[in-house]
Amino acid sequence: MLISEATVALADPERVAADLIDHMTTHDVAHDRHGARIIVHLGVGTGILEPVNGRLRVRVEAEDEGGLEMLRSVIASNIIDFAEGETPAIVWSGYDPTSATFSNFREMRLLSSVALTPRMRRLTFTGRDLGRFASADDLHVRLYLPPPGLERPEWPRPGPDGRTLWPEAERRPAVRYYTVRRAAAEQVEIDFVLHDAPGPGAQFALTAEPGTLCGLAGPLGRAAPPAAWTLLAGDETALPAIARMLEALPAEARGEVLLEMDEAEAAYPLSPPEGVRVRRLRPAGTGAASPLVAALRDLDWPDTPDLFVWAGCEFAVARTLRRHLRAERRLDRDRHLVVGYWERGQATRS
């Protein structure tokens, strides 16, 4: 386990810590309290906050340097955002702020682009040392898409206080979160949903030529862990993640898949084990409730505590599903993961 620490002088460290935790709670980040000490569980690692004598002691722990960099950036950014007019100095132990890029960042070139369905394209990238993105536990990556026409992109890098330093606006890459469909030492495959109003990701998938440079960082974002019964649910943006998790299930797996998708997307390849049923739900009309909500509420659940529910969908639908699982199904946090993949009006992830 790698550790980095900082002691930050603040006018009101208790308030800053409380505001930071309130902010993370709205994003469904779990935390525990032990007296004044707050332990925040951030996926790639843990953050510990403790207000003491006019200072905020901060400790981040992660398995690798990439996770440590991410935690430093998240914690430092939030502390400065909530310091309200102060400019606190944040000096981390065990940290060299002179790196050209983050340690979990890789540069890649587009190798090929293939249509899978009318609204889905698979892009294959090539680069060096890409095997880290084949993680069985983490599904997602941050994809850095350079501005159109920029032959040599500039990438973000760690700043002196741990926050991310970005290039100037005209050279700044767009960042979108995607699921890695497959990865090997020198290749990564990513499936892109082609939205009706394409954002930077879909536009890149439609127009990028082989040889185009882009960046990748991660991986992050949990998959469904092993369980006696597994429920996977989502709309078309979750298809790559669900397909990947289905392939990872053992042959004897039992479970259910709920997919909100158009008939045209039924051609997307899925390989469920024999004991996992796939149900396709017709998408709701504009303004109507997602069929995922009703299907989940009506579903007959097995009589076993050893189950896991994973869902990826629109943010508002994700909130509804999460409330149902916790308030009505009484599922503990370690028995479900509901991810907001996109927000109505803007495409954010696939």
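Determine if segment 22-40 includes at least one residue that is touching a helix residue (DSSP H, G or I) at 6+ places or on another chain (Cβ under 7 Å) and β-branched (Val, Ile, Thr).
For segment 22-40, residues touching a helix residue (DSSP H, G or I) at 6+ places or on another chain (Cβ under 7 Å) and β-branched (Val, Ile, Thr): present.
Consider residue 28 against the criteria (1) more than 16 Å from residue 58 (Cα to Cα); (2) at pLDDT 85 or above; (3) of a type in the set (Asp, Glu): it satisfies all of them except one. Which criterion is unmet?
Evaluating residue 28 over (1) more than 16 Å from residue 58 (Cα to Cα); (2) at pLDDT 85 or above; (3) of a type in the set (Asp, Glu) leaves (2) as the failure.
Test each condition in (1) more than 21 Å from the chain's Cα centre (by Cα); (2) modelled with pLDDT of 95 or more for residue 232 and report the one that comes out false.
Among (1) more than 21 Å from the chain's Cα centre (by Cα); (2) modelled with pLDDT of 95 or more, the lone unmet condition for residue 232 is (1).
Within segment 49-65, track down each residue that is surrounded by 14 or more Cβ atoms within 10 Å (Cβ to Cβ) and of a type in the set (A, V, I, L, M, F, W, C). Walk me through how you get there before you give the answer.
Residues of segment 49-65 that are surrounded by 14 or more Cβ atoms within 10 Å (Cβ to Cβ), as a first pass: 49-51, 55-62, 64-65.
Within segment 49-65, 49, 56, 58, 60, 62 qualify.
Pairs, please: C-beta under 9 Å, at least 6 apart or cross-chain, first residue in contact (Cβ under 8 Å) with a residue 12 or more places away in the chain and in segment 262-278, second in a loop (DSSP other than H, G, I, E, B) and acidic (Asp, Glu)?
Pairs that qualify, where the first residue is in contact (Cβ under 8 Å) with a residue 12 or more places away in the chain and the partner is in a loop (DSSP other than H, G, I, E, B) and acidic (Asp, Glu), are 273/252; 274/252; 275/252.
Among the candidates 25, 7, 46, which residue alone is over 23 Å from the mean Cα position of the chain (by Cα), of a type in the set (S, T, N, Q) and either surrounded by fewer than 20 Cβ atoms within 10 Å (Cβ to Cβ) or outside any helix (DSSP H, G or I) (or both)?
After ruling out the rest, the residue left standing is 7.
When the residues of segment 193-227 are narrowed to those that are part of a strand (DSSP E or B), aliphatic (A, V, I, L, M) and surrounded by 21 or more Cβ atoms within 10 Å (Cβ to Cβ), which ends up modelled with the lowest pLDDT?
This residue is 193.
Count, please, the residues in segment 132-189 that happen to be within 20 Å of residue 203 (Cα to Cα), in contact (Cβ under 8 Å) with a residue 12 or more places away in the chain, among the acidic types (Asp, Glu) and not in a strand (DSSP E or B).
Summing the residues that are within 20 Å of residue 203 (Cα to Cα), in contact (Cβ under 8 Å) with a residue 12 or more places away in the chain, among the acidic types (Asp, Glu) and not in a strand (DSSP E or B) in segment 132-189 gives 2.
Show the residue pairs that are 6+ apart or on different chains and have beta-carbon atoms under 6 Å apart, the first residue being within segment 91-118 and at positive phi, the second being part of a loop (DSSP other than H, G, I, E, B) and surrounded by 18 or more Cβ atoms within 10 Å (Cβ to Cβ).
none
Give the residues of segment 302-315 that are loosely packed, with under 13 Cβ neighbours inside 10 Å and not acidic (Asp, Glu), sorted by residue number.
304, 305
If you scan segment 112-129, which residues turn out to be surrounded by 17 or more Cβ atoms within 10 Å (Cβ to Cβ) and either part of a strand (DSSP E or B) or not assigned by TED's automatic domain parsing to the domain that holds residue 140 (or both)? Walk me through it before giving the result.
Of the residues in segment 112-129, the ones surrounded by 17 or more Cβ atoms within 10 Å (Cβ to Cβ) are 113, 116-117, 119-125, 127.
Result: 113, 116, 117, 120, 121, 122, 123, 124, 125, 127.
Take segment 256-288 and flag every residue that is surrounded by 12 or more Cβ atoms within 10 Å (Cβ to Cβ), in contact with a helix residue (DSSP H, G or I) (Cβ under 9 Å, 6 or more places away or on another chain) and among the small types (Gly, Ala, Ser).
284
Within segment 16-55, can you find the residues that are without any contact (Cβ under 8 Å) to a residue 12 or more places away in the chain and not hydrophobic (A, V, I, L, M, F, W, C)? Break it down stepwise before answering.
As a first pass, look at segment 16-55 and keep what is without any contact (Cβ under 8 Å) to a residue 12 or more places away in the chain: 18, 22, 25-27, 31-35, 39, 53.
22, 25, 26, 27, 31, 32, 33, 34, 35, 53 - these are the residues of segment 16-55 that are without any contact (Cβ under 8 Å) to a residue 12 or more places away in the chain and not hydrophobic (A, V, I, L, M, F, W, C).
The values are calculated or read from the model by the stated rules, or taken from the named source; none is laboratory data. Keep in mind that what you see is a predicted model, and the values were worked out from it rather than measured. Note that we place each Cβ from the backbone using ideal geometry, even for glycine, and neighbour counts take in every protein chain shown.
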